[in-house]
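Trainee: This structure is in structure tokens; I'll ask about it shortly.
The values are calculated or read from the model by the stated rules, or taken from the named source; none is laboratory data. What you see is a predicted model, and the numbers here were worked out from it, not measured in a lab. Cβ atoms come from the backbone with ideal geometry, glycine included; neighbour counts cover every protein chain shown.
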Amino acid sequence: MKDLRWKTLSSNYLFTDNWLTLRADTCETPAGKVVTPYYVYEFPDWVMAVALTTDGKFILERQYRQAAGITSIELPGGCVDTADASLEAALRRELLEETGYTFESIEFLGKVSANPSTNSNWAHLYLATGGRLEQQQQLDPNEEIEVCLYTFEELRQLLRENGVVQSMHMAAFFYAFQRLGYWQF
């Protein structure tokens, strides 16, 4: 197969903040074409889980999402912090903070990119099982999250109705449902 990778000739950082860095790259394609500027959004990696309680209920969250202007039903998860010892540690921290649950088992399902043409980060997908409510939520100052528990049948109906619109979360459901034996391909 032909190597299609571009060579980065230079990078100019235009904006840097907690969760977003924007840079403009000057690149050269394998055919020698120079592409400039090529904008790249640098985000921290994300972790998220299809999370189940000890009695088999799916833990989902409702929260408002300003960019889309919607109240969204999503999986628990968030950004990996530099202080997190591992991706699993980041996920366990996020699960506890956002839902109050701890989990007996965490299983890595894979990773996906929200948009590999512009975003530099990965979303790491997990299956968390054996969830037990251990504490109250410990939300960040800007978070308002409602925890919701769904049976599998309720979740199936929600998904049929396009009730989860976050594409990376849909990918997590796809991999988790395979692992749980809900479908094969």
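Trainee: Would you tally the residues in the range 50-87 being surrounded by 15 or more Cβ atoms within 10 Å (Cβ to Cβ) and outside any loop (DSSP other than H, G, I, E, B)?
Mentor: Number of matching residues: 16.
Trainee: Identify all residues within the range 19-41 that are among the acidic types (Asp, Glu) and buried (at least 16 other Cβ atoms within 10 Å of the Cβ); write none if there are none.
Mentor: Asp25
Trainee: Being touching an Asp or Glu at 6+ places or on another chain (Cβ under 8 Å) and not β-branched (Val, Ile, Thr) narrows it down to one residue among Ala67, Ala24, Ala90; which is it?
Mentor: Ala90
Trainee: Under the condition of being over 21 Å from Leu139 (Cβ atoms) and among the charged types (D, E, K, R), which residue from the range 10-25 is nearest to the chain's Cα centre (by Cα)?
Mentor: Arg23
Trainee: Could I ask something else about it? Within the range 26-49, how many residues turn out to be within 20 Å of Leu139 (Cβ to Cβ) and assigned to a loop (DSSP other than H, G, I, E, B)?
Mentor: So the count comes out to 1.
Condition check ((1) in the same structural domain as Pro141 (by TED's automatic domain parsing); (2) in contact with a Pro (Cβ under 9 Å, 6 or more places away or on another chain); (3) closer than 26 Å to Arg23 by Cα) across all residues:
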| position | (1), (2), (3) |
| --- | --- |
| Ala68 | yes, no, yes |
| Ser72 | yes, no, no |
| Pro76 | yes, no, no |
| Ala85 | yes, no, no |
| Arg92 | yes, no, no |
| Tyr101 | yes, yes, no |
| Ser113 | yes, no, yes |
| Asn119 | yes, no, yes |
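Trainee: When the residues of the range 88-111 are narrowed to those that are in contact (Cβ under 8 Å) with a residue 60 or more places away in the chain and surrounded by fewer than 18 Cβ atoms within 10 Å (Cβ to Cβ), which ends up farthest from Phe43 (Cα to Cα)?
Mentor: Step by step, filter the range 88-111, then rank; the result is Glu107.
Trainee: Then there is this: Which residue out of Ala114, Ala128 is in contact (Cβ under 8 Å) with a residue 24 or more places away in the chain, in a loop (DSSP other than H, G, I, E, B) and of a type in the set (Gly, Ala, Ser)?
Mentor: Answer to the selection: Ala114.
Trainee: Also, I was wondering about something else. Hey, can you tell me all the residues within the range 88-106 that are in a loop (DSSP other than H, G, I, E, B) and of a type outside the set (A, V, I, L, M, F, W, C)?
Mentor: Gly100, Glu104, listed by residue number.
Trainee: So, in the range 125-175, of the ones that are surrounded by 14 or more Cβ atoms within 10 Å (Cβ to Cβ) and among the β-branched types (Val, Ile, Thr), which residue ends up nearest to the chain's Cα centre (by Cα)?
Mentor: Among those that are surrounded by 14 or more Cβ atoms within 10 Å (Cβ to Cβ) and among the β-branched types (Val, Ile, Thr), it is Val164.
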